[in-house]
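To start, the structure under review is shown below, and the notes come after it.
The values are calculated or read from the model by the stated rules, or taken from the named source; none is laboratory data. Just so we're clear, the structure is a prediction, and the values are computed from it rather than from any experiment. Note that each Cβ is placed from the backbone with ideal geometry, even for glycine, and that neighbours are counted across all protein chains shown. Side chains are part of the model used for accessible areas, which takes the heavy atoms of the whole protein and leaves out ligands, DNA and RNA. Shrake-Rupley method; radii C 1.70, N 1.55, O 1.52, S 1.80 Å.
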Amino acid sequence: MKRHGFTIGLLASFALSAVAHYVGAPTFSPTVQFLISAVAIVFVAGFLGKATESVAHYAGERLGGFLNATFGNAAELIIAIFLVKDGMFDIVKASITGSIIGNMLLVLGLSVLLGGLKFKEQTFNIKLAGHNGSLMLLAVIALFIPAAFARSFTTQETSNLSIIVSVILIIAYLLWLVFSMITHKNELSDEVVEHGEAAWSKGLSIVFLIVATTMVAFQSEWLVHTLEPFSHQYGLSELFVGAFLIAIVGNAAEHSAAIMMARKNKMGAAVEIAVGSSLQIALFVAPVLVLLSLFFGKTMDLVFTTYEIIAIGVAAFIAKSISKDGATTWFEGVLLLVVYIILGIAFFLV
């Protein structure tokens, strides 16, 4: 019954969002269009999360967590590509910031809190925690340096630096995948936990994964078209819209999947989804967007605002502090959520 209810909600919200997009104003006001698109993308992201979890059942815990993070980021990446195409670079950077801090603070925080309420202490691979912490610092350094030197550079020099740093980060991230998935796979893996039954067969899981990603692509484009009129109507800053509204909606897949894993005492997989997703955004998605912008005629740089760099630095600092011992309790989840709420209020008031 619960599954049928979700399926009906998924199809109904997707269809209604399509109608709202193509019919438009005045039948559907900007607010109504935004709300319908936001609800629909949460359902679509939930479908994507369920499909990736089912594929993860057949792929294994470590690879499954990576797939969950990767396909969970599909919404953010596709939304960002449409924003880059429209030249809305400030919102793109804000949404990248929101995705990084949203995964490290909100997704991880909820997972640790809700998992910790069920289990007194949850553990995961301490070596993986250490490497994740180092990669978080790399992400902060890589975003800090272009901003620090931008004032001394011309626009062209800043673009060149951004392109070079982007290529280096992509190479570093690919080497991390080789290190963690191949050469040191056993050292970084968690104790195997029984998965239970998958939602669908292997073939059907792959088909649904493709269908869900396609639905995310359409829904993301419809959501992007509602952003400008909606934010103007309510006087919301691009920083708040990108860093919190888009990020919270786009992170829906990670929310559901990571919390589900934590409640099953699979904190290693939950951390892989939440922290792994943040690292993927910072070290792969953001650089890829810079390179993709070259094809749209205007280069997006990696110069983030002081507020954005501070937010990412704070998120990386507390996430590293909490996860470094390879064990979590519910109160540590509260600490992560408190930092997220403080940042949210600050961004809203900017």
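Of note:
- Span-like helix ranges in the chain, DSSP H, alpha carbon extent 27 angstrom or more, Kyte mean at least 0.0: 2-23, 30-59, 126-149, 155-178, 202-234, 330-349
- Rounded, prolate or oblate (a/c below 1.5 giving rounded, otherwise prolate when a/b exceeds b/c) for the range 159-250 by Cα gyration tensor: oblate
- Anisotropy class of the range 1-72 from Cα gyration tensor, a/c 1.5 cut: prolate
- The range 34-73 residues near the modelled A15 label - backbone nitrogen below 13 Å, point 7 Å along Cα→Cβ: none
- Residue of G326, G24, G235 that the Gaussian network model of the chain assigns the largest fluctuation, springs spanning Cα pairs under 10 Å: G235
- The three principal axes of the Cα atoms in the chain give end-to-end lengths of 53, 50, 36 Å, sorted in falling order.
- Summed over the residues of the chain and divided among them, the accessible surface reaches 45 Å² per residue at a probe radius of 1.4 Å.
- Rounded percent of accessible protein surface that carbon and sulfur make up, the chain, 1.4 Å probe: 70 percent
- The translational diffusion coefficient of the range 10-153, from Stokes-Einstein at 10 °C and 1.306 mPa s with a Kirkwood hydrodynamic radius over alpha carbon pairs, comes to 86 µm²/s.
- The GNM of the chain, with springs linking C-alpha atoms under 10 angstrom apart, assigns the highest mean-square fluctuation among E187, E332, E53 to E187.
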